[in-house]
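Encoded as structure tokens, the structure appears first; notes follow it.
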Amino acid sequence: MWTWYHKLSSPKWFYQLSGQWLPWIACAAVLFLGTGLVMALAYAPADYQQGNSFRIMYIHVPSAILAQSCYMMMAVAGGIVLIWRIKLAEMVLKCIAPFGASITFLALVTGGIWGYPTWGTWWVWDARGTSMLILLFLYFGVIALQSAINNTSGAARACALLSLVGLVNIPIIKYSVEWWNTLHQPATFKLTEKPSMPMEMWLPLLIMVVAFYLVFTVVLIMRVRNEILEREYKTNWVRKLIDPSADRSIKSSVKNGGE
Amino acid sequence: MYFDSFEAFLAMGKHGVYVWSAYGLAIVLLSVNVIAPLLNKRKVVAKQQARLRREQQKRASN
């Protein structure tokens with residue numbers, strides 16, 4: 001268990017393993033996203049009250065779910081940074097924030113676009129919307145803090161602290177529709193109950209949620225890999241990896257062997 | 001298939017503008033997030049290669 005843990009936290013090991021996995025995860029992401037989009041747009045039946053505007057749900061709900069789980073993952077990475085000072089966790093923490101911010105932005109904007117034809121307003125300062133807006137600002141805060149501090153691990157520790165403090169916002173978002181009277185409808189999915197929608201409606205949603213998670217995984221892996229190349233320059237394996245002259249010598253030896 | 005015609009699919013009842021702008025924004029945002037690290041990788045590799053070359057030249061001249 002511990003050797004596995006140490007291996008996983010080694011940038012070299014992560015770089016090699018993620019390189020093998022990345023094409024498969026990317027394929028799965030394209031597959032799920034494509035299927036999900038077609039089902040959501042063309043095959044799901046329209047809502048009897050909201051008509052076709054309810055199709056925005058297939059973007060809005062996955063992005064809102066992902067916005068919160070991204071934040072939780074960022075905070076977990078932050079905790080690991082503060083306790084064990086693992087370099088890979090610092091990189092993950094840094095790389096989640098931009099994606100998290102854009103997905104939170106997507107959830108907010110699609111909420112507005114859905115709200116206008118359905119409830120007649122783009123935005124109200126209700127608990128759900130406001131706490132999501134705070135989430136967006138927390139992401140902005142982490143990004144700004146990251147770029148404001150030059151010392152890499154110092155920046156990571158500051159961001160870790162901020163993301164842990166901001167964690168208090170997550171239950172507020174989750175329970176906001178229950179604690180306060182709000183315009184926002186209650187959760188579409190509950191783990192403990194059967195969905196209240198027919199299968200043709202919730203299956204595309206499930207596929208879209210999986211698709212969003214897969215896209216996030218692809219983006220995170222690509223970003224962390226870049227970050228490793230950036231920060232692990234001093235190690236031999238990275239130098240070997242990027243060295244164009246090493247590459248050329250392999251090519252020339254192949255060529256020489258052929259002649 | 002829920003819609004009778006392609007026109008009906010584009011119109012989305014009366015909600016075409018809303019549905020398509022939401023999906024459009026989603027596609028744009030996800031694409032940007034995927035393309036940015038792809039472009040960045042080239043930049044990082046080029047930068048580190050240049051650094052490596054400088055060091056190798058320095059070592060060669062010493």
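Quickly work out the B:A50-to-A:W180 label distance, labels modelled 7 Å from Cα along the C-beta direction, and quote it in nm with one decimal.
Using points 7 Å along Cα→Cβ, the separation is 5.0 nm.
Label points 7 Å out from Cα along the Cβ direction at A:R85 and A:V168: separation in nm?
About 2.8 nm separates the two model spin labels.
Excluding A:V219 itself, calculate the net charge of residues whose Cβ lies under 14 Å from the Cβ of A:V219, where each Lys or Arg counts +1 and each Asp or Glu counts -1. All intermediate terms of the calculation are to be shown ahead of the outcome.
On the way: positive: A:K94, A:R223, A:R225, B:K41; negative: A:E227.
Within the 14 Å Cβ shell, the charges total +3.
At 222 nm, what value in deg cm²/dmol follows for chain A if DSSP H runs of at least 4 each add -39500 (n - 2.57) and the sum is divided by all its residues, to the nearest 500?
On the way: 10 runs with 199 residues, N = 259.
So the helix-based figure for chain A works out to -26500 deg cm²/dmol.
Using the Karplus curve 6.51 cos²θ - 1.76 cosθ + 1.60 with θ = phi - 60°, what ³J(HN,Hα) values do you get for each residue of the stretch B:52-62, in whole Hz, with x for Gly and Pro?
4, 4, 4, 5, 5, 5, 4, 5, 5, 6, 6
Taking the Cβ of B:F3 as the centre, find all other residues whose Cβ is under 15 Å away and add up their charges (Lys, Arg: +1; Asp, Glu: -1). Before the final figure, lay out each step's value.
Numbers: positive: A:R55, B:K14; negative: A:D47, A:E200, B:D4, B:E7.
Every neighbour counted, the sum reads -2.
Mean 1/r over all different Cα pairs, inverted: what Kirkwood radius does the stretch A:1-100 give, in Å? Could the numbers behind the result be given before it?
Values: mean 1/r = 0.0608 Å⁻¹.
Across the stretch A:1-100, the inverse of the average 1/r is 16.5 Å.
Using the Cβ atoms and a cut-off under 12 Å, what net charge is assigned to the surroundings of A:V92, where Lys and Arg are +1 and Asp and Glu are -1? Numbers along the way, then the final one.
Details: positive: A:K87, A:K94, A:R223, A:R225; negative: A:E90, A:E227.
Around A:V92, the charge tally is +2.
Pulled fully out, how much extra length does the chain show between B:N40 and B:S61, if you take 0.36 nm times their separation in residues and subtract their Cα-Cα distance?
Details: separation 21, 0.36 × 21 = 7.56 nm, distance 3.18 nm.
Taking B:N40 through B:S61 to full extension adds about 4.4 nm, to one decimal.
Computed over the Cα atoms, what is the radius of gyration of chain A divided by 2.2 N^0.38 Å, N being its residue count? Walk me through the numbers on the way to the answer.
Values: Rg = 21.9 Å, N = 259, 2.2 N^0.38 = 18.2 Å.
For chain A, the normalised Cα radius of gyration comes out at 1.21.
Pick out, from A:V209, A:N181, A:W114, the residue whose Cα sits farthest towards the positive end of the charge dipole of the protein assembly as shown, with +1 on the Cβ of Lys and Arg and -1 on the Cβ of Asp and Glu.
Towards the positive end, the residue furthest out is A:V209.
So, in nm, how far is label A:L206 from label A:Q16 when the simple model puts each one 7 Å beyond its Cα toward the Cβ?
Using points 7 Å along Cα→Cβ, the separation is 3.8 nm.
By what distance, in whole Å, do the Cα atoms of chain B stretch along each of the three principal axes, largest value first?
76, 19, 12
Do you know the relative contact order of chain A, to the nearest whole percent, from alpha carbon pairs under 8 angstrom that are 6+ apart?
On the way: 259 pairs, mean separation 77.0, N = 259.
Relative contact order comes out at 30 percent.
Give, in nm to one decimal, the length gained when the segment between A:S153 and A:S69 is fully stretched (0.36 nm per residue of separation minus the Cα-Cα distance). Mind dumping the intermediate values first?
On the way: separation 84, 0.36 × 84 = 30.24 nm, distance 2.38 nm.
Length gained between A:S153 and A:S69: 27.9 nm.
May I have the convex hull volume per residue, in Å³, for the Cα set of the stretch A:46-122?
On the way: hull volume 6.0 nm³, N = 77.
Per residue, the Cα convex hull of the stretch A:46-122 comes to 78 Å³.
Taken together, the values in this text are just the output of simple stated rules run on the coordinates, not laboratory data. Since this is a predicted model, take the numbers as computed values, not measurements. For neighbour counting, all protein chains shown are included, and Cβ atoms are generated from backbone atoms with ideal geometry for every residue, glycine included.
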